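For reference, the structure discussed in these notes is given below.
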Amino acid sequence: MSEFTVHSIPGSPYGRAVLATLEEKGAPYRLSPVAPGTFRSPEHLARHPFGKVPVLEHEGFLVYETQAILRYLDRVLPTPALTPADPKAAARMDQAMGVNDWYLFQGVGSVIGFQRVVGPKLLGLTPDEAVIQEAMPRAHTVFTELARLLGDRPYFAGEVLSLADLMLAPQVAFFTETPEWAVLGAPRANVTAWLARMEARPSLQATTWARVAQMAQAA
Ligand SMILES: N[C@@H](CCC(=O)N[C@@H](CS)C(=O)NCC(=O)O)C(=O)O
């Protein structure tokens, strides 16, 4: 299998989902770091007209949007399969990936993760407590729903790992670095057990912020 190139940055949960999926597949890949401040450069906009990461490059084919990237990887690298064969389980996977994009990231991760982690760590910003408080009602709804969807099963689509887990785990992991985890994640035993299960996987361990920063330095 020819090498995959992932255009991303250390600390991107979406980028981590792509890297962790490549790790799960045992595929050869390299990180092409997108330098801070160059997201809207002509070079990056040519890859991603919305100026975001990640972008996957494979055999001259470029694709952005993490869901599209993960599904592409699962098609060109069929083993281990990360999409359930059972239509209902596959629908749960798709649903959880949609919840990740539309409700967890938008207005929750993008606010609390930015205010508490990315802003202070990368830009030296002080968290805006009012903005965080504004995001909390939606955050409670999202975590309540994640706990309900997961139920008492080990993974979001059921008994086996799927793309949904690889997409959600990097986003949910961000919250463990915030005080809000105490009310959002920590009280939900199934969510914390699932996250611990995910973070113990070699694919997640190989793609922590620190490990991706090392990849970026070596690139
Ligand atoms: N819908 C996109 C979301 C990607 C996204 O929001 N990426 C963030 C990093 S995790 C980003 O590039 N942010 C930079 C910006 O918005 O300027 C996907 O699924 O890939």
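Assorted remarks:
- Identity of the residue in segment 64-91, buried (at least 17 other Cβ atoms within 10 Å of the Cβ), of a type in the set (V, I, T) and outside any loop (DSSP other than H, G, I, E, B), that ends up nearest to the ligand (Cβ to nearest atom): T66
- Count of segment 53-67 residues, restricted to those that are in contact with a His (Cβ under 9 Å, 6 or more places away or on another chain) and either closer than 14 Å to L77 by Cβ or of a type in the set (A, V, I, L, M, F, W, C) (or both), is 4.
- For D101: the one exception among (1) under 16 Å from the mean Cα position of the chain (by Cα); (2) over 30 Å from E3 (Cα atoms): (2)
- Flag if V6 is within 24 Å of Q214 (Cα to Cα), touching a Lys or Arg at 6+ places or on another chain (Cβ under 8 Å) and at pLDDT 95 or above: yes
- Check on T141, in a loop (DSSP other than H, G, I, E, B) and among the polar types (S, T, N, Q): no
- Failed item in (1) of a type in the set (A, V, I, L, M, F, W, C); (2) assigned by TED's automatic domain parsing to the domain that holds T208; (3) within 14 Å of the chain's Cα centre (by Cα), with L77 passing the rest: (3)
- Flag for G107 being assigned by TED's automatic domain parsing to the domain that holds D165, surrounded by fewer than 18 Cβ atoms within 10 Å (Cβ to Cβ), within 15 Å of the ligand (Cβ to nearest atom) and under 30 Å from P179 (Cβ atoms): yes
- Identity of the residue in segment 15-35, in a loop (DSSP other than H, G, I, E, B) and more than 15 Å from the ligand (Cβ to nearest atom), that ends up surrounded by the most Cβ atoms within 10 Å (Cβ to Cβ): A27
- The single condition from (1) more than 15 Å from the chain's Cα centre (by Cα); (2) closer than 29 Å to K88 by Cα that V131 fails is (2).
- Selection of segment 1-14 for residues being in contact with a helix residue (DSSP H, G or I) (Cβ under 7 Å, 6 or more places away or on another chain) and within 14 Å of the ligand (Cβ to nearest atom) yields V6, H7, S8, I9, P10, G11, P13, Y14.
- Close pairs from segment 36-61: first within 11 Å of the ligand (Cβ to nearest atom), partner polar (S, T, N, Q), Cβ under 6 Å, at least 6 apart: H44/T38; V53/S8; V53/S12; P54/S8
- For segment 195-217, the candidate set comprises residues that are in contact with a helix residue (DSSP H, G or I) (Cβ under 6 Å, 6 or more places away or on another chain) and either among the polar types (S, T, N, Q) or part of a helix (DSSP H, G or I) (or both); within that set, the residue that is surrounded by the fewest Cβ atoms within 10 Å (Cβ to Cβ) is S203.
The values are calculated or read from the model by the stated rules, or taken from the named source; none is laboratory data. Remember, it's a predicted structure, so these values are computed and weren't measured experimentally. Don't worry about glycine lacking a Cβ; one is built from the backbone with ideal geometry, like all the others, and counts go over all protein chains shown.
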